[in-house]
Amino acid sequence: MDRSLFIDGFWRAASDGSTREIRSPHDGSLVVVVSEATATDSSAAIDAARRSFDSGEFASWSWRRRSDLVARIADLLERDAVEIARKESGDTGKRLVEAEYDLADVISVFRYYAKLGVAVDDRIVQTGDDRIRSRITHEPVGVCALIGPWNYPLLQASWKVAPALMAGCSFILKPSELTPSTAIHLMHIIQEAGAPTGVANLILGAGTIAGAPLTQDSRVDLVSFTGGLMTGRRIMAAAAETVKKVALELGGKNPNIIFADADIDAAIDNAVTAVFLHSGQVCSAGTRLLVERSIHDRVVSEIVRRAKAIRMGGPDDLLAETGPLISRAHLEKVERYVDSAIAEGATLLTGGKRSGEKSHSAGWYFEPTVLDGCNTRMSCVQDESFGPVLTIEVFDTEEEAISLGNDTIYGLAGAVWSADTEKTERVARALRHGTIWINDFGPYRAQAEWGGFKSSGIRRELGPSGLDEYLEIKHIWTNTSPAHSGWFSDEEQGEDS
Ligand code: TXE
């Protein structure tokens, strides 16, 4: 029987014996069979995490000791890098080389938090009174539900797991039901690295069955979620019942703004990567191209030429530049999205359909797609397709570019291309998105906060704020010379008075 749930230090089967087959998005072949958790399993995982946290053992470890644990996890990830990258590309269908890049990022996240955590000190508060010692301390927030998506499964898990461990929390990790393999491997590594029993727990399975209880249970203190907007809203509402802390990253509709005075060749090349990397299954994908009218024709014709030449293929295709979509359901969503864009008046310049290549017939391949003549009233500009679909809008002035760039309920990321540094600075400041790239698109670092304005989410991952998510702040006030408060009279009152 498959035992891939990790609860209270043991590998277990689902309580009702259910399993799920994971099939390759590239060709439908069977990748792995894993346990499919029930709500009872989720409750058992919460129980284990709660007991481990309430025992106080892990929280009482010194920062240095927890830092050593997190650093050891980074070392073990490095040791197993080839095997883990292979598992990630098996589940997601992404090219092996991309999975290898992702893994290097995962390792850097664990290393970053291992170093950062050691620096968290108490803060002394100056009260102006010599008798008082007042300090601010940081304590782990408690039991955390860490719920992740399928596009960067281990990377998104690392943004949550590394700071949670560093802070001294206990957690239940629930990766997407579509991509469980690397989370299983990570749990083996955390166990090998020496985390106390019950600190790290793994639940696999459907969001509504295995995931939802983690967001509703009063024994959970925090939910950190990365995924879709609709699910994020549901999770926030569920968490409100017990006033859990909530951190959400819910994707974006990210404007990529090219002014006529930009380095046009670099801007075009980056615009292609921004939207077609990983077939657009990236929360910060540059899906909205805003281009100054005078350069529209040149930019668009070159992007279309480049899009037509993109080679798609599976994990081991060394010539491929991007891969399949995650599932049939997702491919059908992208198809519907393109159809509705055309119905709303957008012009399809290339793509817009499943790949006709024979080697792609058993997988979920969708052609790189470019839609021109778009505007912000169209759902293709407002809603996340999460596929290889670029929408193009034109602007005439800086003010118009800013206004278009902000005309979205999302606010995750954006870019501005221009040789005028004062202009790029003005635009970067005016855009209401959590990350702005100037004359670049896409890079991020573990040291820099990541997250969204508006409906793209709340709170931040990565950077020092990414650790703060997992810390409670406590003020401890010590009076070294206890005295009466003097507020109320301590004299006995006569009966008549
Ligand atoms: O994500 P879901 P889906 C966007 C993208 C995509 C859309 C839907 O637009 O097309 O979301 O994708 C768990 N309680 N992003 O349906 O549902 C689920 O099991 C608790 C953007 O795959 O958000 C999985 O582990 N958990 C995104 C996780 O939530 C629940 C990356 C994400 O699934 C749950 C991926 C519930 N009620 C998709 N329902 C980004 N921000 O990068 C589901 N889950």
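Each reported figure results from applying straightforward, stated rules to the coordinates on display, with no laboratory input. Since the model is a prediction, treat every value here as computed from it, not as a measurement. Using ideal geometry, Cβ is built from the backbone for each residue, glycine included, and neighbour counts are taken over all protein chains shown.
Below, the figures for the structure above:
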| read-out | value |
| --- | --- |
| Packing rank of 268-277, 375-384, where each peptide gets the mean count of other beta carbons within 10 Å, highest leading | 268-277, 375-384 |
| Cα gyration tensor, the chain - rounded (a/c under 1.5), prolate or oblate | oblate |
| Overall Cα dimensions of segment 304-456, principal axis frame, Å, largest first | 50, 39, 30 |
| Global form of segment 244-329, assessed from the alpha-carbon gyration tensor, a/c cut-off 1.5 | oblate |
| DSSP bridge pairs, the chain: antiparallel proportion in percent, nearest 5 | 45 percent |
| Whole-Hz ³J(HN,Hα) from phi, Karplus 6.51 cos²θ - 1.76 cosθ + 1.60, for segment 113-128, glycine and proline x | 5, 4, 7, 4, x, 5, 8, 7, 10, 5, 10, 7, 9, 7, 9, x |
| Mean-position separation - Cα centroids, segment 320-370 and segment 431-468, in angstrom | 29 Å |
| Of the GluC sites (Glu not before Pro) in segment 226-292, those whose Cβ has at most 16 other Cβ within 10 Å and which sit in DSSP loop | E241 |
| Cα long-axis angle, helix 328-343 against the chain (0 to 90 degrees, to the nearest 10) | 60 degrees |
| Computed [θ] at 222 nm, helices only, for the chain once each DSSP H run of length n ≥ 4 contributes -39500 (n - 2.57) | -12000 deg cm²/dmol |
| Order by protection proxy (mean Cβ within 10 Å, highest first), peptides 60-70, 250-260, 16-26 | 250-260, 16-26, 60-70 |
| Under-5 Å amide H pairs with G9, H placed in peptide plane, nonlocal only | G198 |
| Beta bridges by DSSP in segment 347-478, antiparallel share as percent, to the nearest 5 | 40 percent |
| Amide H partners (placed H, <5 Å) of R23, local residues excluded | V31 |
| Global form of segment 1-160, assessed from the alpha-carbon gyration tensor, a/c cut-off 1.5 | oblate |
